[in-house]
1. Under 8 Å by Cβ, and 6 or more places apart or on different chains, what pairs join a residue from segment 177-196 that is on the phi > 0 side of the Ramachandran plot with one that is open to solvent by less than 10 Å² (accessible area, probe 1.4 Å) and not polar (S, T, N, Q)?
2. How many residues are assigned to a loop (DSSP other than H, G, I, E, B), open to solvent by less than 60 Å² (accessible area, probe 1.4 Å) and not hydrophobic (A, V, I, L, M, F, W, C) when one looks only at segment 467-485?
3. Looking only at segment 242-255, count how many residues are buried (at least 24 other Cβ atoms within 10 Å of the Cβ) and either free of Cβ contacts under 8 Å to residues at least 12 places away in the same chain or of a type outside the set (Phe, Trp, Tyr) (or both).
4. Is one or more of the residues making up segment 172-182 under 23 Å from Phe107 (Cα atoms) and part of a helix (DSSP H, G or I)?
5. Quick check: is even one residue across segment 137-145 of a type in the set (A, V, I, L, M, F, W, C), farther than 20 Å from Ile95 by Cα and either at pLDDT below 90 or under 30 Å from the mean Cα position of the chain (by Cα) (or both)?
6. For segment 146-165, name all the residues that are within 22 Å of the chain's Cα centre (by Cα), of a type outside the set (A, V, I, L, M) and farther than 30 Å from Lys6 by Cβ.
7. For segment 211-272, please list each of the strands (runs of 3 or more DSSP E) lying entirely inside it that holds at least 3 residues being under 18 Å from Cys45 (Cα atoms) and of a type outside the set (Ser, Thr, Tyr).
8. In segment 286-303, how many are surrounded by 13 or more Cβ atoms within 10 Å (Cβ to Cβ) and either out of contact with any Gly (no Cβ under 8 Å at 6 or more places or on another chain) or of a type in the set (Gly, Ala, Ser) (or both)?
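The values are calculated or read from the model by the stated rules, or taken from the named source; none is laboratory data. Note that the structure is a prediction, hence the values are computed from the model and not measured. Note that each Cβ is placed from the backbone with ideal geometry, even for glycine, and that neighbours are counted across all protein chains shown. Note: accessible area is taken over every heavy atom of the protein model, side chains too, but ligands, DNA and RNA are not part of it. Shrake-Rupley method; radii C 1.70, N 1.55, O 1.52, S 1.80 Å.
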Amino acid sequence: MAPTFKAVNLEIKYHTRQATLTAVRAASFEVEQGQIMGLVGETGCGKSTIGLAIMRLLPPNGKISGGELLFKGRDLRQMSEAEMQGVRGREISMIFQDPMTCLNPVFSIEQQMVDAILAHPPDNRRISRGEARDRAIAMLEKVGIPDAGRRIKNFPHQFSGGMSQRIMIATALQSNPSLLIADEPTSSLDVTLEAQIVGLIRQLRDELQTSILYITHDLGIVAQLCDNVVVLYAGNVVETGETFHLFKNPLHPYTQALLRSHPSNQAGAERLVTIRGRVPSLRDLPMGCKFAPRCDLAQPICFSQEPAATEMDGQTVVCHAYRSDWKGLSPASIFARGSEPPKAGVVERPLAGERVQHSETEKAVLAEKVKVHYKDTIGWLGKLLGEKQGIVRAVDGIDVAVYRGESLALVGESGCGKTTLGRTILRLEQPTMGAISVDGNTITNLPQSKIRPLRARMQLIFQDPILSLSPRKRVADLLMEPFKIHNIAVDKQTKVDELLEMVGLSSEQADKYPHQLSGGQARRVGIARALALNPAVLIADEPTAGLDVSVAAGILNLMKDLRERLGLTYILITHNLSIIGFIADRVAVMYLGKLVEVGETSLLLAHPKHPYTEALMSAVALPDPELR
């Protein structure tokens, strides 16, 4: 049987004023009917570009310059736009990465889904608007939207991120497509929603026999969901294989490095393993193997010649190390050595939960019986339907203390009140009730005029690093903002260089604008700005959200180093439970505005007491297919 989709020597270029850039080169892979194929790699490797190319939705300066895109034997490149309109949305659908930017905010979910069904009716038969609405409701119920008949009238802003993603999945599947492209559909979701979406995609594949191309940088998801894997680096396919075999025996040094970088594979490590350097810019691609500048095995031939593909045990690897005349170390020996436990005599990090460098007698943060309630806004439609205004109990009676020099992880699902509690501790939100003290200052009822001088001692690392940085200012000006706000005179050049060096960035980044930074670089700039005034308390809201595993490991290493060097107190707000064992001394688990369990990290991870904590732990996607 012919595969549902097959890419043959695919090449994609972007034409800019400065140069023509090759984003994808000689990429070949295929997706069988009913198969889930994982397309993995770091940001900038070309994963989303391939997805958009299959849909023929590349931006105006992008062009498929070579190769074939065979869908059921027909080359999508040769189809006219009219023919593609008959395929796009009906036979090939796509779940985009950010549902909130893909759902139109001015139309209800009903309008958007019904219009999509009428444009691409199932089985190519004409149906009425009423039938289309019934089908839309049925699809919403299939993806787990409660009370779908009523909620379909709502607008996108009335749904959480997880619910919005379910709506995107329902919209993509309502025409029973033969090929579904899922671009990072769980990247911003908490672990339980992530597990539900993964289970939903697997269930829908089993029911409809849909072929799925799953684009992600999360190796845990790939291990738990995908049948086969394609590893992409700098636009090149470097390894392909069956999921169980590839995770057990990764051949390419890049695949090995990705697996070593995952926090769950490094329990008790002094520092998380990272991949040095970063994915090269398309404007400055190296000669020979594109991974060579970051590879521990690289030999002179790697920098001068493109490697050829080698077949080994059902896997395909593109690496010089598998040549018969290879003189260097073998990838297998490096991977095995990197996986060994620390040798005798090597000082290990104390196990999470064995607190280090902080005093239990000094409380940097104390929140007592804190409540944050909001009046529920129901809008004109709700009033028309007779709905009554209620109270949203975002934070509902929290008691928590964070000791000086300690790192407390605040975990839970989206909507449980984590971020609201963090912002309330900094008085960016007004508490409805309770008492808060930070760094020895009671701030519960202080006016903003008196809180401003105290802000130098308490800072926040925002969840979205790009949106928290003004797009109109260069990095140097962003780093000097805290000093201007607090009227502190410093030498600009010296201080900017000092702050950039502190977070591991070169001084050349000072003249860049936020959009010119990678996600990891923008995150480091945000950390540098938060640390500019030597705060005592730092609240980090999802500091690794949306980052590649190696970049996230680098950020966690940086935060750990800064904590030990500067004596910082952290409140780490996260839904990524894989990282808390590395950086947190204690964990506080939140559910529906309340703390349900608080304990030492090692004890809580090993023996969770509350059923909700146990559910969170069991939902973590680990990079081991054997644990499916």
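1. Listed pairs, sorted by first residue: Glu184/Ile215.
2. Keep residues of segment 467-485 that are assigned to a loop (DSSP other than H, G, I, E, B), which gives 467-474.
Narrowing the set further to residues that are open to solvent by less than 60 Å² (accessible area, probe 1.4 Å) leaves 468-470.
Then keep just the ones that are not hydrophobic (A, V, I, L, M, F, W, C); that gives 468, 470.
Residues meeting the conditions: 2.
3. So the count comes out to 6.
4. If we filter segment 172-182 for residues that are under 23 Å from Phe107 (Cα atoms), which is where we start, we get 172-175.
Among the residues that remain, those that are also part of a helix (DSSP H, G or I) are: 172-173.
Looking for residues that are under 23 Å from Phe107 (Cα atoms) and part of a helix (DSSP H, G or I), one finds at least one in segment 172-182, hence yes.
5. Let us first name the residues in segment 137-145 that are of a type in the set (A, V, I, L, M, F, W, C), namely 137-140, 143, 145.
Okay, now just the ones that are also farther than 20 Å from Ile95 by Cα, so none.
No, segment 137-145 contains no residue that is of a type in the set (A, V, I, L, M, F, W, C), farther than 20 Å from Ile95 by Cα and either at pLDDT below 90 or under 30 Å from the mean Cα position of the chain (by Cα) (or both).
6. First, pick out the residues of segment 146-165 that are within 22 Å of the chain's Cα centre (by Cα): 156-157, 159-165.
In the following step, the residues that additionally are of a type outside the set (A, V, I, L, M) were identified as 156-157, 159-162, 164-165.
Pro156, His157, Phe159, Ser160, Gly161, Gly162, Ser164, listed by residue number.
7. Numbers: elements: 211-216, 228-233, 236-242.
So the answer is 228-233, 236-242.
8. Going through segment 286-303, the residues surrounded by 13 or more Cβ atoms within 10 Å (Cβ to Cβ) turn out to be 286, 288-299, 301-303.
From what's left, either out of contact with any Gly (no Cβ under 8 Å at 6 or more places or on another chain) or of a type in the set (Gly, Ala, Ser) (or both): 286, 288-289, 291-292, 295-296, 298.
The total comes to 8.
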